[in-house]
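Peer 1: Could you have a look at this structure, given as structure tokens, before my questions?
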Amino acid sequence: MCRDVQGDTPASSPRHEEGKAMIELLQKHASALPGIWAMDTARYLLAAGLVEAGEHVAAVGCEEVAERAGRNNRRLAMRKPLLVAKQGRRPTGLLGKLVARVMARQTAAENDIVLELLRLDPADCVLEVGCGHGNTLAKAAGLASRGSHCGVDFSSVMHRHASRRHRGLVREGRVGFHLGGSERLPYPDRAFDKAYAVHTVYFWGAPLEHLTEIHRVLRPGGRFVLAFRPAEDTRFCATHPSEIYCIRPEGEIADLVGRAGFDAVDTLRRAVDTKLMSFIVAARPS
Ligand SMILES: C[S@@+](CC[C@H](N)C(=O)[O-])C[C@H]1O[C@@H](n2cnc3c(N)ncnc32)[C@H](O)[C@@H]1O
């Protein structure tokens, strides 16, 4: 019988179902994966509370990890392994497919807040930068049902995943997923009414360049929301390797948004699950 490692979530919770699905995939492809991937991924799943120690992790041959977690009988607070962190920046290969599945669930709450802050009108044309799984853009298409919706991501794994998962909307021409980098967006000037990016700013080496591109493709008066975990979230800084994640203070990001040409509308900070999230709401001047 499953028991939650934190002791506060039923073992059959959707988080555990997702974790079990990932473990099954790991088992299925074990022969094609370097052993260290399975080990690191199992550790990460435990730390994120997606699986419990005993049967799930031992099943992929990570008895040592399972035993340690079992002894402590709690969720492990650990630094995200580099292999897994790299997948957050740009998912690739089999591990990327696994990450795509959990990411959608892990970030849904803050993405829902972003959709509220965008104040979508029914005919809005919307852009998501670093759209990953595409679930948020699909929700936006439901809210702005007469508009058109574009998602850009430079990971071919995510591009394929999003295009397949939302193929109905793509076929109807309501949503388009495009493979590309945000330092040079594949769209004409002033093409969108609304734009947003969630959990993507950490990976921009020179954020001003990317923000200026977003400003270029937004129409005058258009609204932009940037959502991220700021350096003020000390747990985030402690658990995410600085080799991959460039975590900046909220004020520094707000300043960069202003330097890219946006007017500040609002900055909000909210606790979302165990995360501290910043939401910068800005507008391109009319
Ligand atoms: C951590 S995931 C977040 C996905 C989604 N926004 C969410 O909140 O669930 C970051 C995504 O941004 C994409 N990404 C990172 N840097 C990018 C860039 N410069 N251009 C396009 N996509 C980028 C990655 O491939 C990945 O899919």
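Peer 1: Work out how much length Arg105 to Ser286 would gain on full extension: take 0.36 nm times their residue separation and subtract the Cα-Cα distance, in nm to one decimal. Don't skip to the end; give the middle numbers.
Peer 2: Values: separation 181, 0.36 × 181 = 65.16 nm, distance 3.61 nm.
Residue separation times 0.36 nm, minus the Cα-Cα distance, leaves 61.5 nm.
Peer 1: OK, next. In whole percent, what relative contact order does the stretch 147-211 give with Cα contacts below 8 Å and a gap of six or more residues? Working shown, then result.
Peer 2: Details: 53 pairs, mean separation 22.0, N = 65.
About 34 percent, as a whole number.
Peer 1: Go through the stretch 226-286 and name the trypsin sites (Lys or Arg not before Pro) that are in a DSSP coil and have 13 or fewer other Cβ atoms within 10 Å of their Cβ.
Peer 2: Numbers: sites: Arg235, Arg259, Arg269, Arg270, Lys275; in loops: none.
Here no trypsin sites (Lys or Arg not before Pro) fit, given the DSSP loop and packing criteria.
Peer 1: For the stretch 137-145, what does the Karplus curve 6.51 cos²θ - 1.76 cosθ + 1.60, with θ = phi - 60°, yield as ³J(HN,Hα) per residue in whole Hz, taken in order and with x for Gly and Pro?
Peer 2: 3J(HN,Hα) across the stretch 137-145, in whole Hz: 5, 5, 5, 4, 5, x, 7, 9, 6.
Peer 1: Apply 1/(1 + (r/R0)^6) to the Cβ-Cβ distance of Asp255 and Glu24, taking R0 = 45 Å, and write down the FRET efficiency to the nearest 0.05.
Peer 2: Values: r = 46 Å, r/R0 = 1.01.
After rounding to 0.05, the efficiency reads 0.50.
Peer 1: Run the quick spin-label model on Ile247 and Lys275: label points 7 Å from Cα toward the beta carbon, then report their separation in nm to one decimal.
Peer 2: 1.2
Peer 1: Continuing with this model, one more query. Put a dot 7 Å past each Cα toward the Cβ at His178 and Arg190; how far apart are the dots in nm?
Peer 2: 1.7
Peer 1: Students often get this wrong, so check it: of Lys80/Lys194; Lys194/Lys275; Lys80/Lys275, which have C-alpha atoms separated by over 23 Å?
Peer 2: Values: Lys80/Lys194 33 Å; Lys194/Lys275 25 Å; Lys80/Lys275 15 Å.
Among Lys80/Lys194; Lys194/Lys275; Lys80/Lys275, the Cα-Cα distance tops 23 Å for Lys80/Lys194; Lys194/Lys275.
Each value in this text was obtained by applying a stated rule to the coordinates, not by laboratory testing. Note that the structure is predicted; figures quoted are calculated from it, not measured. A quick note on method: Cβ atoms are made from the backbone with ideal geometry, for glycine too, and the neighbour counts reach across all protein chains shown.
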